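Structure first, commentary second.
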Amino acid sequence: MAFKTYDADQVSVTVAGILIDSGFADGEFLRIEQETDDYSDVVGTDGEVTRSRSNDRRATVTLLLMQSSDANDKLSALSALDNSSPNGAGVGAFLVRDRSGRSMYSAEHCWISKPPNVGFDREAGSREWTLRLADLRRTDAGN
């Protein structure tokens with residue numbers, strides 16, 4: 001019987017040169033959702049099926065950080081730079097590595113599509129950043 005260990009502390013995220021390896025929110029802190037299926041299919045009247053490959057590699061990344069995380073400052077500065085400069089000054093590479101396993105997700109073109117909604121409470125909450133990737137490359141692997 002095999003024994004494996006996953007350690008969330010070994011997940012690192014890099015957004016346009018900004019390394020984020022701490023300050024993640026409690027619970028789920030990263031979600032990567034591919035925009036479209038890899039293949040679509042149609043069936044003809046006689047039952048013949050044809051599948052078509054999609055070359056759409058766009059994805060949405062949701063990154064949840066603690067309200068107190070220093071990474072919020074860095075992502076906020078990146079967003080401000082992108083919004084105040086021409087020609088995609090806030091576009092950069094994206095990388096997620098699970099160093100306790102073999103999963104890796106990367107893209108050459110990543111940008112902040114939406115800053116987090118903000119709420120304040122008696123206790124510290126989280127900030128949910130929405131990123132877009134133009135060209136996701138993925139390796140979904142085990143630990």
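The values are calculated or read from the model by the stated rules, or taken from the named source; none is laboratory data. Predicted model only: the values in this text are computed from it and were never measured. Cβ sites come from the backbone with ideal geometry, for glycine too, and all protein chains shown count toward neighbours. Accessible surface is based on the protein model in full, side chains and every heavy atom, while ligands, DNA and RNA are left aside. Shrake-Rupley method; radii C 1.70, N 1.55, O 1.52, S 1.80 Å.
Per-structure values
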| item | result |
| --- | --- |
| Residues of region 34-52 that turn out to be open to solvent by 40 Å² or more (accessible area, probe 1.4 Å) and more than 22 Å from the chain's Cα centre (by Cα), as a count | 12 |
| Out of Ala89, Ala93, sole residue that is closer than 15 Å to Leu136 by Cβ and small (Gly, Ala, Ser) | Ala93 |
| Matching residues, region 78-129, being crowded, with 17+ Cβ neighbours inside 10 Å and among the aromatic types (Phe, Trp, Tyr) | Phe94, Tyr105, Trp111, Trp129 |
| Test result for Leu75, open to solvent by less than 20 Å² (accessible area, probe 1.4 Å), in contact (Cβ under 8 Å) with a residue 60 or more places away in the chain, among the aliphatic types (A, V, I, L, M) and within 30 Å of Ala124 (Cα to Cα) | yes |
| Contacts under 8 angstrom Cβ, first residue in region 1-28 being over 19 Å from Arg127 (Cα atoms), partner part of a loop (DSSP other than H, G, I, E, B) and open to solvent by 40 Å² or more (accessible area, probe 1.4 Å), 6 or more apart | Lys4/Asn143; Thr5/Asn143; Tyr6/Asn143; Gln10/Arg99 |
| Residue satisfying all of: in region 1-26; within 16 Å of the chain's Cα centre (by Cα) and small (Gly, Ala, Ser); surrounded by the fewest Cβ atoms within 10 Å (Cβ to Cβ) among these | Gly17 |
| Flag if Gly142 is closer than 26 Å to Thr36 by Cβ, open to solvent by 20 Å² or more (accessible area, probe 1.4 Å) and at pLDDT below 95 | yes |
| Verdict on Arg31 being open to solvent by less than 100 Å² (accessible area, probe 1.4 Å) and either charged (D, E, K, R) or not in a strand (DSSP E or B) (or both) | yes |
| Whichever residue in region 55-72 is assigned to a strand (DSSP E or B) and not hydrophobic (A, V, I, L, M, F, W, C) and, among such residues, is most open to solvent (accessible area, probe 1.4 Å) | Thr60 |
